[in-house]
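The values are calculated or read from the model by the stated rules, or taken from the named source; none is laboratory data. Only a predicted model underlies this, so the values are computations on that prediction, with no experimental measurement involved. So basically every Cβ, Gly included, is an ideal-geometry build from the backbone, and we count neighbours across all protein chains shown.
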Amino acid sequence: MRAHWLRAGIIISFLFGTHTFSQVINASLSGTVSDPACASLAPGLTQWCTLTALADANGNVVLRNAGPGQPGTLGLRAIEGPGNWDLHANIQKSIQLAESKRLTFRIDANNVLNHPTPGAPSLNINSGTFGQITTKTGSRSLQAQLHLNF
């Protein structure tokens, strides 16, 4: 009976991104203010306007909701989430049972280091968590296989 271990493969995947947008918001903005668009509503409706905008330390609005039918002014890819990387690996062992029979045992591991992957930042300008990352995913998973070839 002959047996040997075979490293079938290691996969490392990278996803590049930056996590600086929420740091910039926390450092340079004083908080949320009422959206200036609320002032253009009829007097009886302004109390029901729940839109908010982000203002700097001087109270100047730097980011607000676009009006109906109007494109926003933020630009493309102004908010980019954090990067992440994963390490996946597998290993297998084959055992020759007879001349025409072979038993193969294989284990696949995803996210070997078991580290979390941060989610995307909140893009809802009317939320108190705008620009913040409040979710994560990622957990280690193992899968085992047993093959009998004859």
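State yes or no: is LEU63 farther than 30 Å from PRO36 by Cα and either surrounded by 11 or more Cβ atoms within 10 Å (Cβ to Cβ) or modelled with pLDDT of 75 or more (or both)? Judged against the criteria, LEU63 is not a match. Could you say whether any residue in the stretch 101-113 is outside the structural domain of ALA39 (by TED's automatic domain parsing), among the small types (Gly, Ala, Ser), farther than 30 Å from ALA39 by Cβ and assigned to a loop (DSSP other than H, G, I, E, B)? No, the stretch 101-113 contains no residue that is outside the structural domain of ALA39 (by TED's automatic domain parsing), among the small types (Gly, Ala, Ser), farther than 30 Å from ALA39 by Cβ and assigned to a loop (DSSP other than H, G, I, E, B). Evaluate the following for GLY83: is it at pLDDT below 80 and more than 30 Å from CYS49 (Cβ to Cβ)? Spelling it out, GLY83 is indeed at pLDDT below 80 and more than 30 Å from CYS49 (Cβ to Cβ). Just one of (1) exposed (fewer than 14 other Cβ atoms within 10 Å of the Cβ); (2) touching an Asp or Glu at 6+ places or on another chain (Cβ under 6 Å); (3) on the phi > 0 side of the Ramachandran plot; (4) of a type outside the set (Asp, Glu) fails for ASN114. It is (2). Only a single item in (1) over 30 Å from ALA37 (Cα atoms); (2) in contact (Cβ under 8 Å) with a residue 60 or more places away in the chain is not met by HIS147, and it is number (2). Taken together, THR73, THR46 contain a single residue that is at pLDDT 70 or above and not assigned by TED's automatic domain parsing to the domain that holds PRO118, which is THR46. Residues of the stretch 122-150 that are part of a loop (DSSP other than H, G, I, E, B), of a type outside the set (Lys, Arg), under 24 Å from the mean Cα position of the chain (by Cα) and over 29 Å from ARG64 (Cβ atoms): GLY138, SER139.
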